[in-house]
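Asks: After the structure tokens below, expect a handful of questions from me.
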Amino acid sequence: MEARLNLFASPVAVKAWKHIIAASKVLGESTLPAATRELVMLRASQINGCAGCIDMHTKEAAAAGETAVRLHLVVAWREATVFTDAERAALELTEEATRIADAAGGVPDAVWANAAKYYDEDQLAALVTQIAVINAFNRGNVIVQQPAGDYEPGRH
């Protein structure tokens, strides 16, 4: 399988994507826990069917010490007992924000209030931005049908 288009061979796409990549790197400097960021990126990528990002974020999370059990259960986090209440709030916000077109009015107030119980304003800002950034990556990869499976942790 080959991608429909190599986004990094296009000067216009490279100029645009470098800013999205830079935003993603800044989020790594936030106080939002790295494990939470990886879980959020994995869950959004699962919803969007982005094989490239699922491949990347499962491998990055595992390399950072995340357990296989937790990685396998992200897809069914509501029924899983292995996530903290804060992680569950982040995953719920991720789902609502990723499926924003499915809900009239956007993210429900109750979902936002639940996340705000566990994260301060800077962390909420990082969480919202992380969700937006991973959704941008997902959409780019899905549109061009970016193949997955060969990602190695630390590549990006």
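The values are calculated or read from the model by the stated rules, or taken from the named source; none is laboratory data. Small disclaimer: the values here were computed from a predicted structure and weren't measured. Virtual Cβ from ideal backbone geometry, glycine too; neighbours counted across all protein chains shown. Protein only, heavy atoms only, side chains kept; ligands, DNA and RNA dropped before computing areas. Shrake-Rupley method; radii C 1.70, N 1.55, O 1.52, S 1.80 Å.
Asks: At a 1.4 Å probe radius, carbon and sulfur cover how many percent of the accessible area of segment 1-109?
Replies: With neighbouring chains kept in place, the figure for segment 1-109 is 60 percent.
Asks: Turning to a different aspect of this structure: Sum -39500 (n - 2.57) across every DSSP H segment of at least 4 residues in the chain, then divide by the residue count to get the 222 nm mean residue ellipticity, nearest 500.
Replies: About -20500 deg cm²/dmol.
Asks: Still on this structure, I have one more. Could you give the angle, 0 to 90 degrees to the nearest 10, between helix 11-27's Cα long axis and the longest principal axis of the Cα atoms of the chain?
Replies: With rounding to tens, the tilt is 30 degrees.
Asks: When a/c is below 1.5 the answer is rounded, else prolate if a/b is larger than b/c, else oblate, so apply that to segment 1-90 with a ≥ b ≥ c taken from the square roots of the Cα gyration tensor eigenvalues.
Replies: Prolate shape, in that a/c is at least 1.5 and a/b is the bigger ratio.
Asks: Rounded to the nearest whole Å², what accessible area per residue is found for the chain with the 1.4 Å probe?
Replies: 55 Å²
Asks: Helix 34-48 against the longest principal axis of the chain: what's the angle in degrees, Cα atoms only, rounded to the nearest 10?
Replies: So the helix axis and the longest Cα principal axis differ by about 70 degrees.
Asks: According to the square roots a ≥ b ≥ c of the eigenvalues of the Cα gyration tensor, what is the shape class of segment 89-156, taking rounded for a/c under 1.5, prolate for a/b larger than b/c otherwise, and oblate for the remainder?
Replies: Verdict is oblate for segment 89-156.
Asks: Sticking with this one: Give the label of the value calculated from the structure for semi-axes √(5λ) of the Cα gyration tensor in Å, choosing from [x] 25, 18, 15; [y] 22, 17, 16; [z] 45, 22, 11.
Replies: Comparing each candidate, only [x] matches the computed number.
Asks: Using +1 at the C-beta of Lys and Arg and -1 at the C-beta of Asp and Glu, which of Val144, Val111, Val74 has the Cα lying farthest in the positive direction of the dipole of segment 72-156?
Replies: Going by the Cα projections, it comes out as Val144.
Asks: Say we join alpha carbon atoms closer than 10 Å with springs in a Gaussian network model of the chain; which of Val40, Val128, Val69 then has the biggest fluctuation?
Replies: Ranking Val40, Val128, Val69 by mean-square fluctuation puts Val69 first.
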